[in-house]
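Read through the structure below, which is laid out as structure tokens, and then see the notes.
The values are calculated or read from the model by the stated rules, or taken from the named source; none is laboratory data. Given the structure is predicted, the values throughout are model-derived calculations rather than measurements. As a convention, Cβ positions derive from the backbone with ideal geometry for all residues, glycine included, and neighbour counts pool all protein chains shown. All accessible areas refer to the heavy atoms of the entire protein, side chains included, with ligands and DNA or RNA removed. Shrake-Rupley method; radii C 1.70, N 1.55, O 1.52, S 1.80 Å.
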Amino acid sequence: MTGRRRLVRVPASSANLGPGYDVMAAAMALQMEVEVEETGEFSVDAEGLHIPAGRDNLVVRAFETLHSADGLRFRISSEIPPARGLGSSAAAIVAGLAAADHLYELALSPQELLVRAAELEGHPDNVAAAIHGGFVICGEDGAAPAAARFDPPEGLEAVAVIPAEEVATDAAREAMPDQVPLADAVSNVSAAALLVLGLQQADLHLVSRGLRDRIHQPRRRELYPRSMELLEAAPELGALGATISGAGPTLLVWTTWQDTGKVVEELERRCADWAEVRRLPFTPHGVDVPEL
């Protein structure tokens, strides 16, 4: 069995955007690329990535929820650093599902893809951004996950501060209490409304006001204290504000395009010995399966 081949590109994603814990996410301009080819023999070429090279690989596991991987070669490359809060697992899941869907012409709808991906990931925000691109707001439609999307506004940019250390998603979730004070919940609802309104209206002043969070970031401070110190200092650097990306420790610094250069310079000065600073635009593009 040889012949068919599909290439899948999936963007990184940043979730838990400020007040939008487990609700909001955005696609980011880093990619995972997966090529699946019928060769007659199963294999995984991870191209130097420190990921499993067998059927326990997350791309393969997602693929095999739709079709057996027997006789297939998987070639995986990725710009997305793992365990840094940039949606590497979501990208792997969406890549595996999309590869099986297109290789075997299963004709899954985007909603069906979201339901399957969210079940594997355990939450819908990162996978929704990886599927749809742009900004997504996640919720439920009956018992099923649902997502609404909109394009990133013009003039808004982001800079990622990516520490060398990793933070496990389980550790970040364990830091969250079962209940939070009503005042914190009300504050986050207000901020989330301002953030969505600002993004849709391209009102970056409202975006800045909408980035504050009183629920998940303060309670995870001990997991990434340097990232949190930098978050609090973001306005001093000329940024609109900052958010911890996903489970962390990556910090997403939100800027206007006019201020990005000076913000990058100041971040590089402050983070030279402990983190990589990378200009990382929001992207409107989700999963892509180009013609070969």
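Can you tell me which residues in the range 27-43 are β-branched (Val, Ile, Thr) and in a strand (DSSP E or B)? Before the answer, list the steps.
Filtering the range 27-43 down to residues β-branched (Val, Ile, Thr) leaves 34, 36, 39.
Of everything in the range 27-43, those that are β-branched (Val, Ile, Thr) and in a strand (DSSP E or B) turn out to be Val34, Val36.
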Any idea which of Glu105, Glu119 is without any contact (Cβ under 8 Å) to a residue 60 or more places away in the chain, in a helix (DSSP H, G or I) and over 21 Å from Val44 (Cα atoms)? Glu119
Selection within the range 16-43 - surrounded by 24 or more Cβ atoms within 10 Å (Cβ to Cβ), hydrophobic (A, V, I, L, M, F, W, C) and under 22 Å from Arg209 (Cβ atoms): Leu17, Met24, Ala25, Ala26
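Among the residues of the range 1-15, write down those that are touching a residue at least 60 places away in the same chain (Cβ under 8 Å) and open to solvent by 10 Å² or more (accessible area, probe 1.4 Å). Walk me through it before giving the result.
Going through the range 1-15, the residues touching a residue at least 60 places away in the same chain (Cβ under 8 Å) turn out to be 1, 4-15.
Passing the criteria: Met1, Arg4, Arg5, Arg6, Leu7, Arg9.
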Inspect all residues belonging to the range 62-81 and state whether any of them is within 18 Å of Asn16 (Cα to Cα), of a type outside the set (S, T, N, Q) and either within 17 Å of the chain's Cα centre (by Cα) or not in a strand (DSSP E or B) (or both). yes
Check the range 124-135 and report whether any residue there is over 18 Å from Gln31 (Cα atoms) and out of contact with any Pro (no Cβ under 8 Å at 6 or more places or on another chain). no
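Quick check on the range 44-54: of everything there that is surrounded by 14 or more Cβ atoms within 10 Å (Cβ to Cβ) and assigned to a loop (DSSP other than H, G, I, E, B), which residue is farthest from the chain's Cα centre (by Cα)?
Let us first name the residues in the range 44-54 that are surrounded by 14 or more Cβ atoms within 10 Å (Cβ to Cβ), namely 44, 46, 49, 51-53.
Retained after the next criterion (residues that are assigned to a loop (DSSP other than H, G, I, E, B)): 46, 49, 51-53.
Working: Ala46: 20, Leu49: 19, Ile51: 18, Pro52: 21, Ala53: 23 Å.
Filtering first and then ranking leaves Ala53.
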Hey, any hits in the range 265-274 for a residue that's part of a strand (DSSP E or B), in contact (Cβ under 8 Å) with a residue 40 or more places away in the chain and either aliphatic (A, V, I, L, M) or in contact with a Pro (Cβ under 7 Å, 6 or more places away or on another chain) (or both)? no
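May I ask you to list the residues in the range 46-95 that are within 28 Å of Gln217 (Cα to Cα), of a type in the set (Val, Ile, Thr) and without any contact (Cβ under 8 Å) to a residue 40 or more places away in the chain? Give the steps one after another, and end with the answer.
In the first step, residues of the range 46-95 are kept if they are within 28 Å of Gln217 (Cα to Cα); the result is 58, 78-94.
If we keep only those that are of a type in the set (Val, Ile, Thr) too, we end up with 80, 93-94.
Once the filter is applied, which keeps residues that are within 28 Å of Gln217 (Cα to Cα), of a type in the set (Val, Ile, Thr) and without any contact (Cβ under 8 Å) to a residue 40 or more places away in the chain, the range 46-95 yields only Ile93.
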Within the range 154-171, tally of residues that are modelled with pLDDT under 95, touching a Leu at 6+ places or on another chain (Cβ under 8 Å) and within 23 Å of Asp203 (Cβ to Cβ): 1
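Across the range 101-123, which residue is nearest to His67 (Cα to Cα) among those that are of a type in the set (Asp, Glu) and within 18 Å of the chain's Cα centre (by Cα)?
Initial filter on the range 101-123 (of a type in the set (Asp, Glu)): 101, 105, 112, 119, 121.
From the residues that got through so far, the ones that are within 18 Å of the chain's Cα centre (by Cα) too are 119, 121.
Values: Glu119: 17, Glu121: 18 Å.
That would be Glu119.
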